[in-house]
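Asks: Encoded as structure tokens, here's the structure I'll be asking about.
The values are calculated or read from the model by the stated rules, or taken from the named source; none is laboratory data. In this text the structure is predicted, and so the values were computed from the model without any measurement. Cβ atoms come from the backbone with ideal geometry, glycine included; neighbour counts cover every protein chain shown. Protein only, heavy atoms only, side chains kept; ligands, DNA and RNA dropped before computing areas. Shrake-Rupley method; radii C 1.70, N 1.55, O 1.52, S 1.80 Å.
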Amino acid sequence: MQFLYTNWMLVLIMLMSGTMLIYPLIQRRASGMSEVGNVRLTHLMNREDASVLDVRETKDMAGTKIIGSIHVPLSQLKERAATLSMDKTKPVIVYDARGQRATIAGSDLKAAGYTQLYSLAGGFKAWSDAGLPVEKV
């Protein structure tokens, strides 16, 4: 117990770093999303008629997106989620630049009634680094 009193700052740092490591896992569970890779995304698009949603901000797009994806910036998603032309019962794969903000979009989509939500692991960077097809916007 003496160690805890004399080293309270180290204990606090340990607790904070542990919380920061666990937070993304908790956030992903709360959003109701599963993570998929490039191969699974292609499978969902081709065999299950999945919709792909690009939530990057317009300034971050650099003029390209995954072929067939719908672009709605994350800042506008909450207002536009209910009016999107996607089937709420079919899979929806969400991606951003590197995969960190897609879970935030998942929470908004879940609230709008979408049931099968996925996020692309590594985001658009992983897709383009794999040399997979993109389209100009």
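Asks: Taking the Cα centre as origin and putting +1 on Lys and Arg beta-carbons and -1 on Asp and Glu beta-carbons, what dipole magnitude results for segment 1-85, to the nearest 20 debye?
Replies: It comes to approximately 40 debye.
Asks: Shifting gears a bit: Once you put a point 7 Å from the Cα of Lys136 and another 7 Å from the Cα of Tyr23, both along the Cβ direction, what distance in nm separates them?
Replies: 4.0 nm
Asks: At 1.4 Å probe size, with no ligands or nucleic acids counted, give the accessible surface of Arg56 in Å², nearest ten.
Replies: Ignoring ligands and nucleic acids, Arg56 comes out at about 10 Å².
Asks: How much solvent-accessible surface does Asp49 expose, in Å² to the nearest 10, with a 1.4 Å probe and all protein chains in place?
Replies: 90 Å²
Asks: Another one. Under 18 Å from the Cα of Lys90, which aspartates and glutamates turn up, not counting those fewer than eight places away in the same chain?
Replies: Partners within reach: Glu35, Glu48, Asp49, Asp54, Asp108.
Asks: Another question about this same structure. Give the long-range amide H neighbours of Val94: residues separated by 5 or more places, or on another chain, with amide H under 5 Å away, using H modelled in the peptide plane at 1.01 Å from N.
Replies: Leu53, Tyr118, Ser119, Leu120
Asks: Given that just one value was derived from the coordinates, which of (i) 12, 39, 27, 10, 8, 4, 0; (ii) 12, 46, 34, 8, 0; (iii) 11, 35, 29, 12, 7, 4, 2, 0 is P(r) over Cα pairs in 10 Å bins from 0, in percent?
Replies: Looking at P(r) over Cα pairs in 10 Å bins from 0, in percent for this model, the match is (i).
Asks: Rounded to the nearest 10 Å², what accessible area does Ser85 have for a 1.4 Å probe in the complete protein model?
Replies: 110 Å²
Asks: Hey, what do the phi angles of segment 86-103 turn into as Karplus ³J(HN,Hα) couplings, whole Hz, using 6.51/-1.76/1.60 and θ = phi - 60°, x for Gly and Pro?
Replies: Residue by residue, segment 86-103 yields 10, 6, 6, 9, 9, x, 10, 9, 10, 9, 10, 5, 10, x, 7, 8, 4, 5 Hz.
Asks: Let me ask something additional. Quote to one decimal, in nm, the extra length available between Met1 and Asp87 on full extension: 0.36 nm per residue of separation minus the C-alpha distance between them.
Replies: So the extension gain works out to 25.2 nm.
Asks: When the Karplus curve 6.51 cos²θ - 1.76 cosθ + 1.60 is applied with θ = phi - 60°, which whole-Hz ³J(HN,Hα) does each residue of segment 110-116 get, with x for Gly and Pro?
Replies: These are the phi-based 3J(HN,Hα) values: 4, 5, 7, x, 6, 10, 10 Hz.
Asks: I've got another one for you. Of the chain, which part is the longest with no GluC sites (Glu not before Pro) in a loop (DSSP not H, G, I, E, B) and with at most 16 other C-beta atoms within 10 angstrom?
Replies: 58-137
Asks: Name the long-range amide H neighbours of Glu57: under 5 Å, sequence gap of 5 or more, or other chain; modelled H, no Pro or chain starts.
Replies: Placed amide hydrogens put Leu74 under 5 Å from Glu57.
Asks: So which lysines pass the test for Lys59, namely a Cα distance under 20 Å, with those fewer than 8 places away in the same chain ruled out?
Replies: Output for Lys59: Lys78, Lys125, Lys136.
Asks: So if I take the alpha carbon set of segment 62-137, get Rg, then get Rh from the Kirkwood formula, what is the Rg over Rh ratio?
Replies: 0.95
Asks: Looking at the chain, send over the antiparallel percent of its DSSP beta bridges, to the nearest 5.
Replies: Antiparallel bridges: around 20 percent, rounded to the nearest 5.
Asks: Moving on to the next point. Sort Ile70, Ile93 from largest to smallest accessible area, using a 1.4 Å probe on the heavy atoms of the protein chains.
Replies: Ile70, Ile93
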